[in-house]
Every structure is written in C-alpha cells, then in structure tokens.
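Working notes for the structure below.
The values are calculated or read from the model by the stated rules, or taken from the named source; none is laboratory data. For clarity, every value in this text was computed on a predicted model and none was experimentally measured. Virtual Cβ from ideal backbone geometry, glycine too; neighbours counted across all protein chains shown.
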Amino acid sequence: MKKTMKPLLSILLLTGVLGLETAGAEAQGIISKVQLDRSGYCHLKFPAIQGRTLASAHPVLKDPASGDLIDFYGPCDHDPLGKEEVWRQKLDHRFRMMIGRE
C-alpha cells in the first residue's frame, strides 16, 4: 500500500501546483481584488492600458509603479485587457483630449 501512495501524492501535488498557475494567469495585471458580495461583484485595481497600444490587437498594461491605476467596480471576472476595458479607456482618452487635459 505504501508504494501506491507515493505516486498518488505526487499526482495530487502536481495537480495542485498546476491549478495555482492557472489561477494566477486569470488574474494577470490585477493588483487588488476584493469581492463585495456573493453575486460576484468586486472592487478591482489594475494598471491602465498603455495609450500607444489601445488601438492594437494586443494591448499592454502600464507598469503598476507608474501610479496610473484603474479602480473598477463590477464583475469579479473583469479582464483588464478585454474588449470592454479597451473600449472604456479609449472613450476616456478621447474625452480627456476634448477637454484639453492630454
């Protein structure tokens, strides 16, 4: 029985490590995530998207040390590089240009 336990424990450990890597990949770019209720409503903090990459097929987040952070309240599965966020930041950028703040 001891011989079968070692491989089983190894498999369980490996599965756990791979699961942690997947969870980390989902939260790419998110600095802070606080779930506010059981329905999946969260407060997220993540860096803004680099302006020069907003129109590209592969937007890139700014360095968190830049201090240009987004405070987002909404679904916990919000993607900081998803279509909705890119669209929102494009609108924000255009608005700031119209009022002369950029």
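For ILE11, which of the numbered conditions (1) among the β-branched types (Val, Ile, Thr); (2) modelled with pLDDT under 95; (3) assigned to a strand (DSSP E or B) fails to hold?
(3)
Might you check whether a residue that is under 11 Å from the mean Cα position of the chain (by Cα), among the polar types (S, T, N, Q) and modelled with pLDDT of 90 or more occurs anywhere in the stretch 27-43?
Yes, the stretch 27-43 contains at least one residue that is under 11 Å from the mean Cα position of the chain (by Cα), among the polar types (S, T, N, Q) and modelled with pLDDT of 90 or more.
Give me the pairs: first residue in the stretch 46-62 and over 17 Å from LYS83 (Cβ atoms), second residue assigned to a loop (DSSP other than H, G, I, E, B) and polar (S, T, N, Q), beta-carbon distance under 7 Å, and six or more apart or on different chains, which are they?
LYS62/GLN50
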